[in-house]
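Working notes, beginning with the structure itself.
The values are calculated or read from the model by the stated rules, or taken from the named source; none is laboratory data. Keep in mind the model is a prediction, meaning the values are calculated, not measured. For neighbour counting, all protein chains shown are included, and Cβ atoms are generated from backbone atoms with ideal geometry for every residue, glycine included.
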Amino acid sequence: MVTKATTKKKAAPKKKPKAIKPVATKPEPLPITVMIPVGPYGHNKQWLAEAIQSIRDQIMPSSEILIIDDMAHLEQVDVGDDVHIYKPPWHIGLACAWNFAMVLAENDLVFPMASDDRIEPWCLESLWKTWEQYKDPLGYYWCDIQFSAEADHILKVPSGAAMMHKELFKVTGGMPIESAVGASDAALVDIIRAHNLATFYHVECEKAPAWHRDHPHDENKVNRDSWHLVMGQMRELVVQEWRPPIWT
């Protein structure tokens, strides 16, 4: 009797389990409002898209982008659905726009920036770390500013690139609207210093987290001497005449 030889079938090689790729998670938005005042002039809107994109590109994003549309006549499509727009009923100027934002912001922490400037990707992360270190609502959290025209021109003094808590706004009354000739932020810093209203906290970074666009043909620069004279006189006056705000 002839029997057929039987051959064992080789077991199929076991398939290696597929490596599970980690899913990139977006960091939770920070409770910081970044506000941008946008005026009615051409240069106010020319670089606005770049300014907004620099906020979106943050390592740690903000939970609110707020634009004060100061007669710029912006529409939602101009800025994107993730941007809140407030339109005052008349032209209010930079100082008032900043003060409006402090009242209207969803968050207690507010960081202002100009519509033709930008912030570097590490800006808000650095601000938040500094806030977490001190958590002082009566603090002025200021950043170094890189100027666009010169690589070595970095402003290392408290100025407008600073985050404030609404509590400090209540104490100071915000930017003095009388400083319409310019540098409302510098006038506010002078008031804070002269009347000892806040502690200044420097936001430490290897590179400046804020970036300022120079305008070589700016009338302020053409007539800088006379402009500085008037601005200096106005700053001295608002500091001297400052009184604690009365809220009703």
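Yes or no, residue by residue, for (1) touching a residue at least 24 places away in the same chain (Cβ under 8 Å); (2) touching a Gly at 6+ places or on another chain (Cβ under 6 Å); (3) more than 22 Å from residue 244 (Cβ to Cβ); (4) among the small types (Gly, Ala, Ser):
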{"residue": "115", "(1), (2), (3), (4)": "yes, no, yes, yes"}
{"residue": "126", "(1), (2), (3), (4)": "yes, no, yes, yes"}
{"residue": "139", "(1), (2), (3), (4)": "yes, no, no, yes"}
{"residue": "149", "(1), (2), (3), (4)": "yes, no, yes, yes"}
{"residue": "164", "(1), (2), (3), (4)": "yes, no, no, no"}
Number of positions in the range 166-184 that are in contact (Cβ under 8 Å) with a residue 60 or more places away in the chain and in a helix (DSSP H, G or I): 6
Any hit, the range 139-146, residues being assigned to a strand (DSSP E or B), at pLDDT 95 or above and of a type in the set (Gly, Ala, Ser): yes
Long-range neighbours under 7 Å by Cβ, at least six apart or interchain, first residue under 14 Å from residue 119 (Cα atoms) within the range 201-216, second part of a loop (DSSP other than H, G, I, E, B) and polar (S, T, N, Q): 211/148; 212/148; 213/148
Residue list for the range 80-112, restricted to those being modelled with pLDDT of 95 or more, part of a loop (DSSP other than H, G, I, E, B) and in contact with a Pro (Cβ under 9 Å, 6 or more places away or on another chain): 106, 107, 108
Residues located in the range 132-156, provided they are within 19 Å of residue 188 (Cβ to Cβ) and in contact with a His (Cβ under 9 Å, 6 or more places away or on another chain): 136, 137, 138, 139, 141, 142, 143, 144, 145, 155, 156
Filter result (among the polar types (S, T, N, Q), modelled with pLDDT of 90 or more and either surrounded by 19 or more Cβ atoms within 10 Å (Cβ to Cβ) or within 20 Å of the chain's Cα centre (by Cα) (or both)) within the range 175-202: 199
